[in-house]
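Input: a single structure, listed below in structure tokens.
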Amino acid sequence: MLSISTKTQYGLVALLELTEYYNKSLVQINDIVRRRNVPKNYLEQILNRLHKAGIVKSVRGNKGGYKLGAHPDEISLKNVVASLEGVLELHNNKICPALDEVLEQVEQSVSKILDIPLSMLLERQKTLQQQIMFSI
């Protein structure tokens, strides 16, 4: 089955933090590490990769940190996954055209679902966290 690596999961955790602080303040990597229990060295590598893809911007210095490279409505989950995992390709099976056709439909469906912007993903995260807190 398809799976999302820890690299992408940690990247999304960091991006949701940056989305929450969008247009408010820079987010320092130590704050993400402390709040989300993410390995710092690994997160630095991930944020560097996201920086190269233009998804995040970094500001150096004592009061530096990270921020989103664009509005949270303009960065999709699909962009993040492609930046960290590579482009999803399931089809291109020349041996069995019927399988290729089915896999192309799966790829299109997954692509459509992953088109959700970070802003909507953050709202969904907040809703789920409230439901969990209400259940306890």
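Read-outs: derived from the displayed coordinates by stated rules, not from any lab. Everything numeric here is computed off the predicted structure, so don't read it as measured data. Cβ atoms come from the backbone with ideal geometry, glycine included; neighbour counts cover every protein chain shown.
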How far is helix 6-20 tilted off the main Cα axis of the chain, in degrees rounded to 10, range 0 to 90? 50
Run the reach check for residue 7 against lysines, Cα to Cα strictly under 17 Å, same-chain hits fewer than 8 apart removed. What comes back? 40, 52, 78
How big, in percent, is the set of alpha carbon pairs in segment 6-135 lying more than 16 Å apart? 66
Using amide H atoms built 1.01 Å from N in the peptide plane, name the residues 5+ places from residue 56, or on other chains, whose amide H lies under 5 Å from its own. 51, 69
Sort 79-90, 98-109 by the packing proxy (mean of other Cβ within 10 Å over each peptide's residues), most packed first. 79-90, 98-109
Heads up, segment 19-66 by the C-alpha gyration tensor (a ≥ b ≥ c square roots of eigenvalues; a/c under 1.5 rounded, else a/b over b/c prolate, else oblate) looks rounded
For the chain, give the magnitude of the charge dipole about the Cα centre (Cβ charges: +1 Lys/Arg, -1 Asp/Glu; no others), in debye to the nearest 20. 860
Highest-fluctuation residue, 78, 112, 94 considered, GNM on the chain with Cα pairs under 10 Å: 94
Ranked by how many other beta carbons lie within 10 Å on average, peptides 56-63, 117-124, 24-31 from highest: 117-124, 24-31, 56-63
Extreme residue, positive dipole direction of segment 6-135, given options 62, 46, 110 (C-beta unit charges): 62
What does the net charge come to around residue 107 if you take all other residues with beta carbon closer than 14 Å to its beta carbon, with K and R at +1 and D and E at -1? -4
Around residue 76: net Lys/Arg minus Asp/Glu count, Cβ-Cβ under 11 Å: -1
To test your reading of the geometry: what angle, between 0 and 90 degrees and rounded to tens, separates the Cα axis of helix 40-52 from the longest principal axis of the chain? 70
